[in-house]
Structures are given as C-alpha cells and as structure tokens.
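Asks: A single structure is presented below for examination.
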C-alpha cells in the first residue's frame, strides 16, 4: 500500500477485522514512482500514515509484519523506520540486492532461501508469476521445499488492451500478459492445494 492518505470507507471495518486471520495489509512505498532520494522523515511519515489508515478502516490486527517494499529499497539509513516489521521479502533473481543486504548476503539468500540480520528475517521470493510461461515446471523444481513465497503484481492481473499485449510480446519478454498471469495464479493455487501447503504470514 502506498503512503499518503488512504480513503477507504469505515463500513467494512468489522469485515476486515474478522478476516485478519488470513488478510494483512502493509506499507509498500511512499508513491508509485520509485524515489531513492526519500529522507528518513518522509519514509517514516509514509509508513505511519499507512498504518494509521489501516488502523482507522480496520485495526492493528490487519497490519502486516511481513513486507515487500518497492524495488526492495530500504538502505541502512531507513531500515530502523520499520518498527514492528519482522520479515522482508527479497528478490527472486540472483545478484539483485534487496534492502540493506550486501551482495554476498543477497546471493546467500538466493541459494539458501533466508537469512537473519539485525533481528530481521529476509526471505527469498521463489516465484514471480508474471515471469513464467510454464508455471508447472517452475513449481516442480520447488516441490521439496517446505516454504514457498509466490508473488505477483496487481497490475499483472488487470485486463490489458491489444496495444499493451503487443508491447509486452515485442519488448518486455520477462512479463506475461494478464491472461497468462491469471492462469499461472490459478494453476499455482491448485498445485499448492494438491501438495498440501498451508498459507502463513512467515
């Protein structure tokens, strides 16, 4: 969830609270546009605004303690602003630095799935749904792991215009059109159910 004022009506408050055993909402970034110049004050203010908004339209039971921040951005100068956060979800690709990790720590997570640093748990994202065509093949590679982190963006599930689909096919080979991502999501949920995985907040 982006920072700033969040305008969600209060009429769903009891419904959010009653579903807090499976639904969590958390801070993602101060805005959709990536800003690596954000100050500590701006970052902390954005987090507080989001958490206060969640507490207003739901309550603290809905605030996520596991986050995936925009562009995996949170250097040492900002990491202490993440009060009450226990876990950060990291990149699914090798040699991509997440948060305040070193390249050695990032690659350790890529090979070993997680690391604990300064009382924060950092966990690798195993699969990003919009990056794969044959999702069954990717899931089979992971079938012996006891914990899987599966990720996708909301925008990847939204219907696209023919022009957007053409652009994806011609220029953005990493990302699949929304019909592929939806199919990947459905197949993944079915596969997780068949292999008796349980959902958790890590």
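For (1) without any contact (Cβ under 8 Å) to a residue 60 or more places away in the chain; (2) surrounded by 14 or more Cβ atoms within 10 Å (Cβ to Cβ); (3) in a loop (DSSP other than H, G, I, E, B), each residue gets a yes or a no:
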site: 14; (1), (2), (3): yes, no, no
site: 17; (1), (2), (3): yes, yes, no
site: 32; (1), (2), (3): yes, no, yes
site: 35; (1), (2), (3): yes, yes, yes
site: 38; (1), (2), (3): yes, yes, yes
site: 43; (1), (2), (3): yes, yes, no
site: 53; (1), (2), (3): yes, yes, no
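Asks: Can you tell me which of 46, 61, 20, 14 is out of contact with any strand residue (DSSP E or B) (no Cβ under 6 Å at 6 or more places or on another chain) and within 25 Å of residue 106 (Cβ to Cβ)? Break it down into steps so the answer makes sense when it comes.
Replies: Working: 61 fails: within 25 Å of residue 106 (Cβ to Cβ); 20 fails: within 25 Å of residue 106 (Cβ to Cβ); 14 fails: within 25 Å of residue 106 (Cβ to Cβ).
Selected residue: 46, the only one of 46, 61, 20, 14 that is out of contact with any strand residue (DSSP E or B) (no Cβ under 6 Å at 6 or more places or on another chain) and within 25 Å of residue 106 (Cβ to Cβ).
Asks: Additional query: Taking the criterion of being in contact with a helix residue (DSSP H, G or I) (Cβ under 8 Å, 6 or more places away or on another chain) and at pLDDT 90 or above, would at least one residue in the range 152-170 satisfy it?
Replies: Step one: list which residues in the range 152-170 are in contact with a helix residue (DSSP H, G or I) (Cβ under 8 Å, 6 or more places away or on another chain), which gives 152-153, 156-160.
Applying the additional criterion that residues be at pLDDT 90 or above yields 152.
Yes, there is a match, as at least one residue in the range 152-170 is in contact with a helix residue (DSSP H, G or I) (Cβ under 8 Å, 6 or more places away or on another chain) and at pLDDT 90 or above.
Asks: Now for a separate question. Restricting to the range 74-124, what's the tally of residues that are under 15 Å from the mean Cα position of the chain (by Cα), crowded, with 20+ Cβ neighbours inside 10 Å and in a loop (DSSP other than H, G, I, E, B)?
Replies: Final tally of qualifying residues: 5.
Asks: Where the second residue is outside any loop (DSSP other than H, G, I, E, B) and modelled with pLDDT under 95 and the first is more than 22 Å from residue 50 (Cβ to Cβ) and lies in the range 85-96, which pairs have Cβ atoms under 6 Å and are six or more apart or on separate chains?
Replies: 92/128; 94/110
Asks: May I ask you to verify whether residue 191 is modelled with pLDDT of 85 or more and under 19 Å from residue 125 (Cα atoms)?
Replies: Working: modelled with pLDDT of 85 or more: yes; under 19 Å from residue 125 (Cα atoms): yes.
Taking the combined requirement at face value, the residue satisfies it.
Asks: Just checking, which of 182, 141, 137 is at pLDDT 90 or above, farther than 27 Å from residue 86 by Cα and either surrounded by 14 or more Cβ atoms within 10 Å (Cβ to Cβ) or under 20 Å from the mean Cα position of the chain (by Cα) (or both)? Write out each step before concluding.
Replies: On the way: 141 fails: either surrounded by 14 or more Cβ atoms within 10 Å (Cβ to Cβ) or under 20 Å from the mean Cα position of the chain (by Cα) (or both); 137 fails: either surrounded by 14 or more Cβ atoms within 10 Å (Cβ to Cβ) or under 20 Å from the mean Cα position of the chain (by Cα) (or both).
Only one candidate passes the filter, namely 182.
Asks: Please specify each residue of the range 131-155 satisfying the condition of being touching a strand residue (DSSP E or B) at 6+ places or on another chain (Cβ under 9 Å), in contact (Cβ under 8 Å) with a residue 24 or more places away in the chain, farther than 18 Å from residue 97 by Cβ and not in a loop (DSSP other than H, G, I, E, B).
Replies: Passing the criteria: 135, 139, 150.
Asks: Kindly indicate the residue of the range 55-73 that is without any contact (Cβ under 8 Å) to a residue 60 or more places away in the chain and part of a loop (DSSP other than H, G, I, E, B) and also surrounded by the most Cβ atoms within 10 Å (Cβ to Cβ) among those meeting that condition. Working first, answer last.
Replies: Step one: of the range 55-73, the residues without any contact (Cβ under 8 Å) to a residue 60 or more places away in the chain are 55-63, 67, 69-73.
Then drop every residue that is not part of a loop (DSSP other than H, G, I, E, B), which leaves 58-59, 69, 73.
Numbers: 58: 24, 59: 14, 69: 20, 73: 17.
Among residues in the range 55-73 that are without any contact (Cβ under 8 Å) to a residue 60 or more places away in the chain and part of a loop (DSSP other than H, G, I, E, B), the one surrounded by the most Cβ atoms within 10 Å (Cβ to Cβ) is 58.
The values are calculated or read from the model by the stated rules, or taken from the named source; none is laboratory data. All of these numbers come straight from a predicted model, not from anything done at the bench. Please note: Cβ atoms are built from the backbone with ideal geometry, for glycine as well, and neighbour counts cover all protein chains shown.
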